[in-house]
Amino acid sequence: AGADCIITYYSPKILKWFQKMPQIFKTLSADDEELKSSFKKLNDSFVEKYNGLQPDFFVRVPGRVNLIGEHVDYNGYCVCPMAIKQSILAAVKSVDNSLNVSMSNVENKKYADYSCKLDKIVIEIESNKPPAWYQYVLCGFKGILETSRVQPSKGLIFHICGTIPPASGLSSSSALVCAAALSLSVVLNVDFSNTELAEITAKAERHIGTEGGGMDQAIIFNAKKGTASKISFDPLKLTEVSIPQKGVFVIAQSMVTKNKAASNDFNARVVECRLASLIIAKKLGLNQWHEYKKLADVQNSLKYDLGKMLQVVSEIFHGNYYSKDEVCQILDISESRLEDEFLTKNTKFIEEFKLKDRALHVFGEALRVEMFCKICETTKSLPELGRMMFESHTSLKNYYECSHAALDRLVAVCSMNGAFGARLTGAGWGGCIVALVAADSVAEFVKSVKASYAGQIPTTVDTANLIFVTKPGIGASVFNPL
Ligand code: ADP
Ligand code: NG1
Ligand code: MG
């Protein structure tokens, strides 16, 4: 019994798929009343919108909170996230004899309906503008079509609702991409393992323009209830990390949103790290230096430990901005090669790059992830875990420059109210913080931090999600119709 068990009833439409991928099917258990009621509402909304048609199945895809290890996944280093309760829910119906896909959202004033043909998906992203919501959905569909090479034989209706605070570092974007990918896999009856789905969707979300590392999609498809995960990349692997019982994690929103695809801030950090990798590889005489696009790849070839990498960075980089010219001189390449081979569409026009501080953050953060996971396994010391989190925040603020005054304020408020540690979570520049708090005083903590928002909450913010305790939840799942 429990939310993790496999259903015994399945609708004929998804029977074949169920037989191929039983691991992702879930049944609603008695303690899932809240989820059941959310599906019921989504079902009613679907039936009303689509003139009495019923969905064939439902999908639930959670958001995630990263406990530590920020901006290191795309550098090849480990991260430590867990899935959260807030999620994207989709009600899905396959449509025979048509390649049409209808995308709709319960919040249709904010997220307007869209439809197109599955065999003609175009994702055109304008630089410095937030993508439309359905473009994330199209990324998910495109990922499945590109990888499975299945010619779509039918279309679908994809009707969703969501409770993940958008553009706030809890991975609402990836939840949406993954919900779309999973739904289309069921409709087209293609089977992938959870690891394959994670890799397909990580690649697919890059069509939105940001070059993320794959943490979000990896935890979304592989999260287990009750445990955080240490994720390593190349190859993708998850190991359970049990959170000490005396501690709980609290998430608080800064109320500043940041859509990562609407500016080049995220990709600027990706390419700064890439340039730092290339320069270390070149300066330390690695053959084929141009292949070293991730800091972890350089470290692996040099066979140095992380402490030694921090020393190397301090020795070979100056702390100022590097101009494009200076980078080209060091690498002995032309500006056009720099742009074509190592920069992205939206970072080609950046004239200067900070390299030393970015690399110091990445190697330092990679060390903190190792220590954090080790403490969870051994001493389980909450003050030590908290210290890693505060240090992570300071490094993100000073070296990585991806914090925000509202996040710094929240971290300070958490500290003043007795949190063992707190840090921004997700990409930053706004969004949420995560704090580690003693389980026996969490109610008091939440009350005090909530009080610090007095008079500042815009009407657009859902106050239920402003500050909340979070427990490690289950990954993406498919459910039968009600
Ligand atoms: P996050 O940190 O939440 O992943 P991103 O900037 O990567 O932030 O993505 C946020 C975008 O995801 C939103 O601007 C919106 O387009 C889309 N999104 C998130 N939640 C929903 C939702 N419930 N319905 C439609 N689109 C959503
Ligand atoms: P958010 O903030 O959820 O969009 C992004 C990246 C992650 C990771 C973190 C920073 C995507 C899809 N997600 O997450 O891969 O790099 O920032 O640690 O690009
Ligand atoms: Mg995102």
Q. Being within 14 Å of ligand 3 (Cβ to nearest atom), farther than 21 Å from residue 481 by Cβ and open to solvent by 30 Å² or more (accessible area, probe 1.4 Å), is that true of even one residue in region 172-183?
A. yes
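Does region 226-235 contain at least one residue that is free of Cβ contacts under 8 Å to residues at least 24 places away in the same chain, among the charged types (D, E, K, R) and either away from ligand 2 (no atom under 13 Å from the Cβ) or touching a Leu at 6+ places or on another chain (Cβ under 6 Å) (or both)? Before the answer, list the steps.
First, the residues of region 226-235 that are free of Cβ contacts under 8 Å to residues at least 24 places away in the same chain: 235.
Checking the rest, the ones that are also among the charged types (D, E, K, R) come to none.
Within region 226-235, none of the residues are free of Cβ contacts under 8 Å to residues at least 24 places away in the same chain, among the charged types (D, E, K, R) and either away from ligand 2 (no atom under 13 Å from the Cβ) or touching a Leu at 6+ places or on another chain (Cβ under 6 Å) (or both).
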Q: Evaluate region 389-410: report whether one residue or more is open to solvent by less than 10 Å² (accessible area, probe 1.4 Å), under 19 Å from residue 227 (Cβ atoms) and either more than 16 Å from ligand 2 (Cβ to nearest atom) or in contact (Cβ under 8 Å) with a residue 12 or more places away in the chain (or both).
A: yes
Q: Scan region 320-331 and report the pairs whose first residue is among the small types (Gly, Ala, Ser) and whose second residue is open to solvent by 40 Å² or more (accessible area, probe 1.4 Å), with Cβ atoms within less than 8 Å and a gap of 6+ or a chain change.
A: 323/351; 323/352
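For (1) under 19 Å from residue 437 (Cβ atoms); (2) of a type in the set (Gly, Ala, Ser); (3) under 22 Å from the mean Cα position of the chain (by Cα), each residue gets a yes or a no:
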{"residue": "375", "(1), (2), (3)": "yes, no, no"}
{"residue": "378", "(1), (2), (3)": "no, no, no"}
{"residue": "388", "(1), (2), (3)": "yes, no, yes"}
{"residue": "399", "(1), (2), (3)": "no, no, yes"}
{"residue": "405", "(1), (2), (3)": "no, yes, no"}
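Residue-by-condition table, conditions (1) in contact with a Cys (Cβ under 6 Å, 6 or more places away or on another chain); (2) under 23 Å from residue 107 (Cβ atoms); (3) of a type in the set (S, T, N, Q):
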| residue | (1), (2), (3) |
| --- | --- |
| 425 | yes, no, yes |
| 430 | no, yes, no |
| 434 | no, no, no |
| 443 | no, no, no |
| 451 | no, no, no |
| 459 | no, yes, yes |
| 464 | no, yes, no |
| 469 | no, no, no |
(Q) So residue 380 ticks every box in (1) away from ligand 2 (no atom under 16 Å from the Cβ); (2) on the phi < 0 side of the Ramachandran plot; (3) of a type outside the set (S, T, N, Q); (4) surrounded by fewer than 19 Cβ atoms within 10 Å (Cβ to Cβ) but one. Which box is left unticked? (A) (2)
**Q.** Residue ID - farthest from residue 79 (Cα to Cα), chosen from residues in region 284-295 that are of a type in the set (D, E, K, R) and part of a loop (DSSP other than H, G, I, E, B)
**A.** 293
Q.
Being within 22 Å of residue 344 (Cβ to Cβ) and in contact with a strand residue (DSSP E or B) (Cβ under 9 Å, 6 or more places away or on another chain) is the filter here; which residues of region 235-268 pass it?
A. 268
Q) Which members of region 411-429 meet the condition of being of a type in the set (Val, Ile, Thr) and either open to solvent by 50 Å² or more (accessible area, probe 1.4 Å) or within 16 Å of ligand 2 (Cβ to nearest atom) (or both)? A) 425
Q. Would region 288-300 turn up any residue that is more than 20 Å from residue 399 (Cβ to Cβ), in contact with a helix residue (DSSP H, G or I) (Cβ under 8 Å, 6 or more places away or on another chain) and among the aromatic types (Phe, Trp, Tyr)?
A. yes
Q) Could you list, in sequence order, the residues of region 87-98 that are polar (S, T, N, Q) and surrounded by fewer than 24 Cβ atoms within 10 Å (Cβ to Cβ)? A) 94, 97, 98
Q) So which pairs qualify, if the first residue must be in region 197-224 and without any contact (Cβ under 8 Å) to a residue 24 or more places away in the chain, the second must be of a type in the set (Ser, Thr, Tyr) and more than 11 Å from ligand 3 (Cβ to nearest atom), the Cβ gap must be under 9 Å, and the two must be at least 6 apart or on different chains? A) 218/195; 218/229
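Filter region 442-475 down to residues that are assigned to a loop (DSSP other than H, G, I, E, B) and among the hydrophobic types (A, V, I, L, M, F, W, C) and give me whichever is farthest from the chain's Cα centre (by Cα).
Within region 442-475, the first condition is being assigned to a loop (DSSP other than H, G, I, E, B), and the residues that meet it are 452-462, 466, 471-472, 474-475.
Keeping just the survivors that are among the hydrophobic types (A, V, I, L, M, F, W, C) gives 454, 457, 461, 466, 474.
Details: 454: 30, 457: 25, 461: 21, 466: 19, 474: 15 Å.
Among those residues, the one meeting the criterion is 454.
The values are calculated or read from the model by the stated rules, or taken from the named source; none is laboratory data. Small disclaimer: the values here were computed from a predicted structure and weren't measured. Reconstructed Cβ throughout: ideal geometry from the backbone, glycine too, with neighbour counts over all protein chains shown. Side chains included, ligands, DNA and RNA excluded: accessible areas come from the protein's heavy atoms. Shrake-Rupley method; radii C 1.70, N 1.55, O 1.52, S 1.80 Å.
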